[in-house]
1. Could you put A:S145, B:S138, B:S101 in order, starting from the residue whose Cβ has the fewest other Cβ atoms within 10 Å?
2. Using modelled backbone amide H atoms (1.01 Å from N, in-plane), which distant-in-sequence or interchain residues come within less than 5 Å of B:I59's amide H?
3. Do me a favour and compute the ellipsoid semi-axes for chain A from its Cα gyration tensor, root of five times each eigenvalue, largest one first, whole Å.
4. What does the extension gain come out to for A:V526 and A:L338, with contour length at 0.36 nm per residue minus their alpha carbon separation?
5. How would you rank A:V493, A:V294, going from fewest to most other Cβ atoms within 10 Å of each one's own Cβ?
6. Once you list every other residue whose beta carbon is under 14 Å from the beta carbon of A:Q87, what net charge do they have if Lys and Arg are +1 and Asp and Glu are -1?
7. Using a cut-off of 17 Å between alpha-carbon atoms, which lysines can reach A:K535, once sequence neighbours fewer than 8 places away in the same chain are excluded?
8. Counting pairwise Cα distances across segment B:79-118, what percent come out greater than 15 angstrom?
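Read-outs: derived from the displayed coordinates by stated rules, not from any lab. Treat the numbers as computed from the prediction; the structure is a model and nothing was measured. Positions of Cβ are generated from backbone atoms using ideal geometry, with glycine treated the same way; all protein chains shown enter the neighbour counts.
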Amino acid sequence: MNSGSPWVWLNAGAVAISLVLLFGLLGLIAVRGLGYFWPGQVLVANYQPPGQAMLTVAGEMIARETVPSSRLPGMTGDTFTRSLLHQGNRDLTGADFVWLVDPWLSNCQYPVDIMVFEHREWGNFYGFLASVQENGTTIIASDESARAVFDERLDRAQVIYQTIRQIEKHDIGAINAELERLRLAQRRMELSGDRDPVQLAGITAQRQQLNQAHLALETQLVDLYLALNRDSFTATTATGQVVEQPISAVVQAWQPNGLSYMDKLAFFARKVAAFILDNPREANTKGGVFPAIVGTVMMVILMSIMVTPFGVLAAIYLHEYARQGWMTRAIRVAVTNLAAVSSMVYGVFGLGFFVYFAGGHIDQWFFAEALPAPTFGTPGLLWAAITLALLTLPVVIVATEEGLARIPRSVREGSLALGATQAETLWRVVLPMASPAMMTGLILAVARAAGEVAPLMLVGVVKLAPGLPLDGNFPYLHLDQKFMHLGFHIFDVGFQSPDVEVVKPLVYATALLLVAVIAALNLSAVAIRNHLREKYKNLED
Amino acid sequence: MPVKPYGDAVDSRSLDSRLTDSLTELLSGPATNAGERFRSAGHGRRALSLEQEPTCMAIAGLNLFYGQKQVLFDISMKIPRKRVTAFIGSSGCGKSTLLRSMNRMNDLVDGCRVDGQILLDDASGNGVNIYQKSVNVSDLRRRVGMVFQKPNPFPKSIYENVAYGLRIQGINKRRVLDEVVEWALKGAALWGEVKDRLHESALGLSGGQQQRLVIARTIAVEPEVLLLDEPASALDPISTLKIEELINELKARFTVVIVTHNMQEAAWVSDYTAFMYMGRLIEYGDTDTLFTNPREKQTEDYITGRYS
């Protein structure tokens, strides 16, 4: 054996362990997270605990575990298995999930015609479609074609629902924004003592116009809601109960036991797309995470825009212009130590300094008409981005300084010898060559900022934001608004939800998405850096 | 008659035959009489006299310190206009430091202090001390250009490298730049090799080409003086020869000062040679005399290779 072999093995082992941990974690998140979107088989079975009446149960098997027999009196053998059944029908049974002891199950079947109805509220409903009603009159009751009629009615209800949402969110939202603008304009006039009757009359007229438009939309909405609730359907549960529900309450319905593999794949793709593009429902435990994705990406981009110039300028001064001595050394130590400060401390600082002090003053100076309702004097996107920019500043400064130190002296001298000043040399030669190092700093900053949650809870992230920070109402980018964030979403869904079993897969799926978003942000930065490196290679040695 | 790769007024022989000469010299051991050898090889040179040359730069009583350590001791000499002046001497004798003080590149070194004067003559012959407070260092370096030991092209295209000095001066007119780039590259004997790939990265050139590019970049701003700090020491023999050829041509337009370790090179390219030892100027005179009939014992020892 060579003298160096154990050393090589040690190194390789360390790399291997890191890789196993990384891929193990990613694999776990991916499997659990993606499993959430795959349509499971629906089981119908008899269940007879000893000494009790026989029940019929229906639902999806979620998990199975082996339990020592001593836990359950009357069980023989060392262990027995029990399964977790997602039985849905929460409005009837009271519990979404139930543990079943496997030996007590019998007559397990997977009927092809059992349907899963995903409700807008109250979770899933498992049952057999019985009939479809229009305005209370049964129009079809036969089993064969009922499904087709139901699907058609469901599509119609979905279209109406989308229209309603569009009107509520977009059109009425725009009117409300405009009304608020008018209110503020009027208040501003009052505050400045300006009582120009012409202008006031104009505002009143505009307001009346808007109110009329609002009224018209409301009438339209009433009609739409009537149309939405026209149809209903009845379904029979596995226990034989017949339940009538409006079709508008259903988001999606499918017959999982009858789906082919390709159908399941298509279903899976639709569910993934819905998860990424939809708004959350039922206190974030259902639906999608679109606002959280937008919030995370917006916040990271804003943070990058703020931290890069600031950090690069600071690094240039420290490295190129400042007289090197104990002062610069002390500043460097301080900057490096900043990177080790707990992120929560930044959050508290952000809340105290940015939100209350800076934001409070901005409100007094520029948004006095809105007071006492705060505009910037409350947590929001801008403050979150600035706080995280502060948090990641040391990384950018250190990386940029190292990049500047790596530029060969000979290249600087070459430029100076041609009559360039120090500033010209910096701008034309040194900075372009140091740009890959700046990108490295930015990559590290993005990686840190995108995963950070604790400080954000104080300076702008909320469980459910009323709107996106980017929308169609002037000024389009709302820096003062609160926003949703994937990291906080994971915390909120995972630990603040009433039913752990419902949200567990959602936590995995959101975590997977967060990893994917960070990876996408990072990979684009890495691609830019590699491009720059390619341009300036050969000179780093 | 073999093809002449570069128009050379001084030496009409082909590159190859001169290369062979150089190699023979290299193989025949330490040069005992380099000047003699070159002259006998046909390097005809008219008699030169330092006193009769017009002055371009004059160094007067120059002392230079790095912190507490004195590196140059009371150097006084005159650099003749449109001639090649070589500084020779063993490593650490201060010849590079002296060269770098001629366009104030030493300002970049922390703790460097200079007293004495270096006068740079303008066209009418009035000398201005370049260490005066009123002197703009950027302007000075534009007038006194410098080429370093290791080729240091910028990570830009060949074209942009040559145009760099002009762009710094605010000249951005395409037509002017095109003209100057072509002129400078021709002047540096590089045009033929790169004219089809002006917009490719300069980092793709060979070491010798890069060094000629750096020379082109320097002459593009039309300096009065060219300082060359061992310009060929990092290059292979053929590239070295090309650079040496080039220096011979450059002196028609520029005053050239070259630092070299290689005595053959000094003997071959320079008109005047200064020998330095331990920060002092030991002997300075026309190259032929210095190499064939040195005044000082130290000079003779050095050029005959008696210093290790």
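1. Fewest-to-most Cβ neighbours within 10 Å comes out as A:S145, B:S138, B:S101.
2. Distant-sequence amide H within range of B:I59: B:M77, B:K78, B:I79, B:L119.
3. That gives 53, 39, 20 Å for the three semi-axes.
4. Full extension from A:V526 to A:L338 adds 65.2 nm.
5. Lowest to highest Cβ neighbour count: A:V294, A:V493.
6. Around A:Q87, the surrounding residues sum to -4.
7. B:K156
8. Cα-Cα pairs of segment B:79-118 separated by over 15 Å account for 50 percent.
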